[in-house]
Amino acid sequence: MNKFLKFCLITTVLGTILSPEIWAQHRVTETSYDAYIDTITAEESFFTISNLWVLVSATLVFIMHLGFATLETGLTRAKNTVNILYKNVFVISSGIVLFALFGFRTMYPGVEFNGFMKMGFWIDVNPADYLDIMSAKYANYTWWTDFIFQAMFAATAATIVSGAVAERVKLGSFMIFTLLLVGFAYPVAGSWEWGSGWLDRNGFHDFAGSSVVHAFGGFAALACVLVLGPRRGKYDGGKPILGHSMPLATVGVFLLWFGWFGFNGGSVLSAHPEMIGLVFVNTAIAGAGGCLTSMIVTRFTVKVPEISMALNGILAGLVGITAGADSMMPSSALAVGAISGIIVVFAILFFDKLKIDDPVGAISVHGVCGTWGTIAVGIFGEAPLLWQAIGTLSYSLFAFTFAFLVFLGLKVLVGVRVPALDEDEGLDISEHKQEAYNHS
Amino acid sequence: MNKFLKFCLITTVLGTILSPEIWAQHRVTETSYDAYIDTITAEESFFTISNLWVLVSATLVFIMHLGFATLETGLTRAKNTVNILYKNVFVISSGIVLFALFGFRTMYPGVEFNGFMKMGFWIDVNPADYLDIMSAKYANYTWWTDFIFQAMFAATAATIVSGAVAERVKLGSFMIFTLLLVGFAYPVAGSWEWGSGWLDRNGFHDFAGSSVVHAFGGFAALACVLVLGPRRGKYDGGKPILGHSMPLATVGVFLLWFGWFGFNGGSVLSAHPEMIGLVFVNTAIAGAGGCLTSMIVTRFTVKVPEISMALNGILAGLVGITAGADSMMPSSALAVGAISGIIVVFAILFFDKLKIDDPVGAISVHGVCGTWGTIAVGIFGEAPLLWQAIGTLSYSLFAFTFAFLVFLGLKVLVGVRVPALDEDEGLDISEHKQEAYNHS
Amino acid sequence: MNKFLKFCLITTVLGTILSPEIWAQHRVTETSYDAYIDTITAEESFFTISNLWVLVSATLVFIMHLGFATLETGLTRAKNTVNILYKNVFVISSGIVLFALFGFRTMYPGVEFNGFMKMGFWIDVNPADYLDIMSAKYANYTWWTDFIFQAMFAATAATIVSGAVAERVKLGSFMIFTLLLVGFAYPVAGSWEWGSGWLDRNGFHDFAGSSVVHAFGGFAALACVLVLGPRRGKYDGGKPILGHSMPLATVGVFLLWFGWFGFNGGSVLSAHPEMIGLVFVNTAIAGAGGCLTSMIVTRFTVKVPEISMALNGILAGLVGITAGADSMMPSSALAVGAISGIIVVFAILFFDKLKIDDPVGAISVHGVCGTWGTIAVGIFGEAPLLWQAIGTLSYSLFAFTFAFLVFLGLKVLVGVRVPALDEDEGLDISEHKQEAYNHS
């Protein structure tokens, strides 16, 4: 971690702590509480249920970050485990704080939005101001609920990149990259669709983020991997590089699937019974379909029932259905998931042939299947196919370009890759002076 | 995986993908959505809450499949870990798809059911058709919610078998067996009780499946183990066969207990405050009681505080209370769970003495305690004791017979057991050409 | 496990099982159920939602016990893993049963409470008796819901101690200590604040238990560690003692954070939309803030990006915000969490310098940050600062004194520490005749 990063973090935290006017008058009183219970109407009751569901969904999306951490850890070597865990812990923690500092109000810029970009700032506002805009007509949840659900999404993009650059990236550089990606690029791009920006206005439909989150993260990952290069020993002969714990990887995928019911289900943004029921079914069926087809295709290509391909098949199906889980019947969801499971196997083999080294298959799972899933809404749903293509391309291009420039800048300024000796020794020892496992 | 299996999977998936009429007119519109919010009544509000709870429960039951996977992995040897994870990933994925294809509408065959068997098919129906039958009077959740909650249950029976046959079963044969058990036998038998079949009509009460799910799975497991025989080295001298990771096993049991709050709690099929509260308390207390008595009994029999017995005591208590968690007070739930914890220790020692090799104790936990739990509703609840006995016997016998015949058929046709050399080497290398752990 | 313990457990369980009058008339009927659905009002609908949320929260708090188990296991040596898992399984199981037997009605003694202590007993009551007191005016959940949510909290105090005394405590002595702490001391002290006792009457505010649960557990842990002494080899030269699995420790902290949304969110005791939204945001932000500042401070003090410090920073932030998550805006929550993350690093270094050996940092995380979090409500919230100090001091002193006397008594009577040879060999072999990992 270099000095610039230290400076940023310290000023941010101290600035917040030391500005007493920020929390003056911000003490919470409970006077409105009793009144609420006494006068609740049926319509407010729907608001209360929906608000609860979006919060429960936020909790489910939160645990996906553990899923990403264990998946990435399991599919890489034991000697880089502490480093990966540290990165993932940093990503979720800084993601939440950054999304509170600028992200949320940049991504949801309000009515006077120009459609492309508008900077926001800290989430604290006078309750009276937001009670108006969070009424049952506009939204079925409170301001705080809106923030926390979206904050849990925000760090995902950086987590996706984390898997692709694992085992050779410099910790400090990745941390700075995370701050810029989560704090700036993701909310700006996200506002195009979910903040009522130009893509939303043109009929582009991305229900829970096949493009906004997954393709965005996947193509940012591609850019970083191109700047970074493959791991030592990956393509220059020698033994294949294997993941160190299949149980950890499997735990990761199950937790991701588990959390995806909140990722997609919560994106209904209400407890509408028909809609969340359908979204659950589609999410389950697409993941299952992706698993089964990837198992079959792996049989014919790799000739061996690989557990990692089965796991990536599940994730591929889930990424694929994310854009249209609200827009199609389960038969279509099965088709979308099943096709994702086929795509992902060939995509992983393709990038590997190009010597683009992605230890966890993040580019294929999130980038390629995110693109497919977005396009699929134009085929199986009612969104205009052309705008689905334009939309997903916009996200991929923006993410790729942003990540490429930032990562290249970091490469020039401070370096993005650990020294060869450190890479061989493992980042746990070289960066953290610690091993992940001690069985003595 | 043999050719027959490949053929089945491919035709199933391709058939679904390539029949465009299945999803024609099946695009989802959101017109009904706004109307819903504007006109919601208090009664519809109860429908909305209940629907949400059953969906959250489905999510909790889903994560039980990770619990089963880690428990089974932890209690077996490291050299079979990839194989076990692969099996479990396949079971949940194929279970969801099969339950959509035939299971759901076979298990819930509707009003003109003969009481014994009626084949169903794919879940997609015209929304207008099911909106009538899923009204607040008939059910407190939507068609989709009903499906996904039950789908999460469906794969459980096969997962139970998976644990008992671990470390020596042929992957392809187990996969075919799974398809038949989950796709056919489970929904047919399930309809007898939960589909308003002959057992339900005679007053048999199995709230969340001590018999329908657990005894069914446990006695299917017994049949498979009898056909398969014990692991090499288990009863022919040599060192005892030990599980390879107690942390993984413990993670599994905690996740199963966690998910059981959805398994039992969701089986209330509404958010009725009194009832789900009681079911939660009974589920917690029975699991705790089973743990404590199994700890004590283990002290007196095995003479050592074995962690695996304590874990199985928890599961025994949970399986035991599953049939009657809605039908008794917590004092009775404590008794049911405590007795389960005693039974399970003796059952495990008993089957071991008979040289019936069940690596995870699935027959004792799910089979024996499932039977006890069902009977217990006749003692502590209000169900007729005679029909409780007839019911649980019917499930056990049907599951045992079905599994025995299918597994025997598979043994004759393609073999169910890996070659001795492969078993010694471990299934990870022989079937998957991969090791679960690489610490080099 | 000694004879006294055996006697207690057996009489408790058998006494419950063999007293038929306990469950006579206690069979549950479903007659009230249909009536409920037909006549539900908007206000009852709020009751139903709130009841559901508190139950879901109980489920989330339950999984924290897996978080504690994996965190403690990961931060200690492999040779004591089975022992730690066994302890944790016992703590949650005995905790639930004891809380049903005496704890719940001791902690919530009802209206005629003297403010200091009143013994309660078994939770089963005539439904008619509690339907009156659990109306929508008094509480937004049923009697059963109230019990199970609080029962999940009860075992936490003992679990906190478990981490601090790990790797050298005698199993049987720890189990007896747990029974007394969870069964007696915790509910008595808890009643002072949450049972409308003397602290509650004086304006002391501890929303979800920074003092009632965490400082209580942390200072009980300090007392036990002082009686017990450090692990062999910790301060008498030789290599540093390292945790054996950072992935397990990280899984633990993520699960704890995940469950904390229920720990704090459920403590709203209703589904009030504004309040639970705010509590979620504060919980997330304080944990994130604690992580970031502990990362920075660790940089300057330990000079190495230690994963265990980052993890403890998260927990410190969460413990810190627990007392006031309902009482301040997110900017204040960020400050409280960020300060917790700074405090915890120095506290861990401080206790280590004093040679107070706490393998997981429980005293610093729960004791010190629990105290800080309680005080912080007097600064950032509206509670009187003096009573916040008096309250937290009361909990710490009571817990310390109780634990010290009981543990000292156990030391004199039966011993609290395993023999030196057993400690060197590891408790798994010496107490359980089993190893946690078998990779042969």
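Numerical summary
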{"quantity": "Flag for residue C:393 being open to solvent by 60 Å² or more (accessible area, probe 1.4 Å) and within 16 Å of residue C:212 (Cα to Cα)", "calculated": "yes"}
{"quantity": "Residues that are more than 22 Å from residue C:77 (Cβ to Cβ) and among the aliphatic types (A, V, I, L, M), drawn from the range C:355-388", "calculated": "C:368, C:375, C:376, C:377, C:379, C:383, C:385, C:386"}
{"quantity": "Candidate set from the range B:257-280 (those that are small (Gly, Ala, Ser) and under 17 Å from residue C:58 (Cα atoms)); member that is nearest to the other protein chains (Cβ to nearest Cβ)", "calculated": "B:277"}
{"quantity": "Qualifying position, being facing chain A (nearest Cβ under 7 Å), at pLDDT 95 or above and out of contact with any Pro (no Cβ under 6 Å at 6 or more places or on another chain), among C:254, C:207", "calculated": "C:254"}
{"quantity": "Subset of the range C:293-308 (residues that are open to solvent by less than 10 Å² (accessible area, probe 1.4 Å) and either under 20 Å from the mean Cα position of the chain (by Cα) or facing chain A (nearest Cβ under 9 Å) (or both))", "calculated": "C:293, C:295, C:305, C:307"}
{"quantity": "Selection within the range A:399-440 - more than 23 Å from the chain's Cα centre (by Cα), hydrophobic (A, V, I, L, M, F, W, C) and in a helix (DSSP H, G or I)", "calculated": "A:412, A:413, A:420, A:421, A:427, A:429"}
{"quantity": "Members of the range A:357-379 found to be open to solvent by less than 10 Å² (accessible area, probe 1.4 Å) and either modelled with pLDDT under 95 or not in a helix (DSSP H, G or I) (or both), listed by number", "calculated": "A:357, A:361"}
{"quantity": "Identity of the residue in the range B:256-291, assigned to a helix (DSSP H, G or I) and open to solvent by 10 Å² or more (accessible area, probe 1.4 Å), that ends up farthest from residue B:159 (Cα to Cα)", "calculated": "B:274"}
{"quantity": "Matching residues, the range C:94-111, being free of Cβ contacts under 8 Å to residues at least 60 places away in the same chain and either in contact with a Gly (Cβ under 7 Å, 6 or more places away or on another chain) or acidic (Asp, Glu) (or both)", "calculated": "C:105"}
{"quantity": "Pair list, Cβ under 6 Å, 6 or more apart: the range B:203-225 residue open to solvent by 10 Å² or more (accessible area, probe 1.4 Å), other residue part of a helix (DSSP H, G or I) and of a type in the set (Val, Ile, Thr)", "calculated": "B:205/B:377; B:222/B:363"}
{"quantity": "Conditions (1) open to solvent by 40 Å² or more (accessible area, probe 1.4 Å); (2) within 14 Å of another protein chain (Cβ to nearest Cβ); (3) without any contact (Cβ under 8 Å) to a residue 12 or more places away in the chain; (4) assigned to a helix (DSSP H, G or I): number failed by residue C:331", "calculated": "(1)"}
{"quantity": "Residue in the range B:229-239 that is facing chain C (nearest Cβ under 10 Å) and either closer than 27 Å to residue B:437 by Cα or touching a Ser or Thr at 6+ places or on another chain (Cβ under 8 Å) (or both) present", "calculated": "yes"}
{"quantity": "Lone qualifier among A:311, A:315, A:349 - being open to solvent by 10 Å² or more (accessible area, probe 1.4 Å) and in contact (Cβ under 8 Å) with a residue 24 or more places away in the chain", "calculated": "A:349"}
{"quantity": "Residue in the range B:236-255 that is assigned to a helix (DSSP H, G or I), open to solvent by less than 10 Å² (accessible area, probe 1.4 Å), touching a strand residue (DSSP E or B) at 6+ places or on another chain (Cβ under 8 Å) and of a type in the set (A, V, I, L, M, F, W, C) present", "calculated": "yes"}
{"quantity": "Test: residue in the range B:90-102 that is of a type outside the set (S, T, N, Q) and more than 17 Å from the chain's Cα centre (by Cα)", "calculated": "yes"}
{"quantity": "Only one of C:95, C:110 that is within 21 Å of residue C:144 (Cα to Cα), assigned to a loop (DSSP other than H, G, I, E, B) and of a type outside the set (Val, Ile, Thr)", "calculated": "C:110"}
{"quantity": "Selection within the range B:61-92 - open to solvent by 10 Å² or more (accessible area, probe 1.4 Å), part of a helix (DSSP H, G or I) and in contact with a Gly (Cβ under 6 Å, 6 or more places away or on another chain)", "calculated": "B:71, B:79"}
{"quantity": "Filter result (at pLDDT 95 or above and more than 14 Å from every other protein chain (Cβ to nearest Cβ)) within the range C:84-119", "calculated": "none"}
{"quantity": "Failed item in (1) away from chain C (no Cβ under 14 Å); (2) open to solvent by 20 Å² or more (accessible area, probe 1.4 Å); (3) not basic (Lys, Arg); (4) not in a helix (DSSP H, G or I), with residue B:382 passing the rest", "calculated": "(1)"}
{"quantity": "Residues within the range A:411-431 that are surrounded by 22 or more Cβ atoms within 10 Å (Cβ to Cβ) and more than 14 Å from chain C (Cβ to nearest Cβ), tallied", "calculated": "1"}
{"quantity": "Residues (among the small types (Gly, Ala, Ser), touching a Ser or Thr at 6+ places or on another chain (Cβ under 7 Å) and more than 22 Å from residue C:69 (Cα to Cα)) located in the range B:263-312", "calculated": "B:265, B:266, B:270, B:271, B:277"}
{"quantity": "Residue within the range B:218-227 that is touching a His at 6+ places or on another chain (Cβ under 8 Å) and not in a loop (DSSP other than H, G, I, E, B) present", "calculated": "yes"}
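The values are calculated or read from the model by the stated rules, or taken from the named source; none is laboratory data. Note that this is a predicted model, so its numbers are computed, not measured. Here the Cβ is made from the backbone with ideal geometry for all residues, glycine too, and neighbour counts use every protein chain on show. Areas reflect the complete protein model, heavy atoms only, side chains present, ligands, DNA and RNA absent. Shrake-Rupley method; radii C 1.70, N 1.55, O 1.52, S 1.80 Å.
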